Amino acid sequence: MLDKRPSSTRFRTRMDWLESHHAFSFGHHYDPDRLGFGPLRVLNEDWISPGAGFPLHPHREMEILSYVRAGALTHQDSEGNDAEIRPGRVQLMHAGTGIAHAERNEGGDPVHLLQIWIEPDTLGTRPGYEMLDFAHTPGVPTVLVSPEGTAGGLPLRQDATVSALVLRRDQSH
């Protein structure tokens, strides 16, 4: 079943440092008809102002994918990971039994990113963190995450694949 939702129908959160558009119920936005899609729980498009970001906060039992479209986002977590996520790089955090992390825009330009949360197929796993550099070929889908990495990309703990597609100038969606 196709459930078409124009971007204009997304929930929106605006703060002095963050603009976020939510495809599903998130934060103080709640709609019982928009709780997710299968194991997909969060699909947020965020813009983070320079010098701002999310302070240290915990997650459990979730696969969290960060896909930066513009700018650079710094990541630090309780497992000792410290990285920069920028275009051409995808981050996957396995929250498992619990992980705390912070993400900030340390640059001078806004960061534009997609944040995708997927419920894992197994609970109680060890937290983890992975990053992958990739190159888009215009007009060809690039696998970012897939079940245990079997279709390429990073190994997701769920029977789901997330791909990115950069359209050629002569293509439309």
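The values are calculated or read from the model by the stated rules, or taken from the named source; none is laboratory data. Note that this is a predicted model, so its numbers are computed, not measured. Because the Cβ atoms are built from the backbone with ideal geometry, glycine has one as well, and the counts that use them run over all protein chains shown. In case anyone asks, the SASA skips ligands and DNA or RNA and just uses the protein heavy atoms, side chains included. Shrake-Rupley method; radii C 1.70, N 1.55, O 1.52, S 1.80 Å.
Using the heavy atoms of the protein chains and a 1.4 angstrom probe, tell me the accessible area per residue for the chain in square angstrom. Don't jump to the answer; show the numbers that get you there.
Values: 9480 Å² over 173 residues.
Using a 1.4 Å probe on heavy atoms only, each residue of the chain averages 55 Å².
Tell me the relative contact order for segment 1-45 as a rounded percent, counting alpha carbon contacts under 8 Å between residues six or more apart.
That works out to 30 percent.
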Practice task
Just subtract the alpha-carbon distance of Lys4 and Glu119 from 0.36 nm times their residue separation and send over the number in nm, one decimal.
Solution key: 39.2 nm
Completion exercise
Carbon and sulfur atoms account, in whole percent of the 1.4 Å probe accessible area of segment 1-150, for 55
Handout entry: Counted charge near Gly71, where neighbours are those whose Cβ lies closer than 14 Å (Asp, Glu -1; Lys, Arg +1)
Key = -3
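I want the local charge near Leu114. Using Cβ-Cβ distances under 10 Å, sum +1 for each Lys or Arg and -1 for each Asp or Glu among the other residues. Don't jump to the answer; show the numbers that get you there.
Details: positive: Arg69; negative: Glu45, Asp46.
Around Leu114, the surrounding residues sum to -1.
Below 8 Å between Cα atoms, with a sequence gap of 6+, how large is the relative contact order for the chain in percent?
On the way: 427 pairs, mean separation 33.4, N = 173.
Answer for the chain is 19 percent.
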Handout entry: Segments 131-138, 156-163 sorted - mean Cβ within 10 Å per residue, highest first
Key = 156-163, 131-138
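Taking the Cβ-Cβ separation of Thr161 and Ser49 as r and a Förster radius of 35 Å, what is the calculated FRET efficiency to the nearest 0.05? Can you show the working numbers first?
Values: r = 32 Å, r/R0 = 0.92.
Efficiency for this residue pair is about 0.60.
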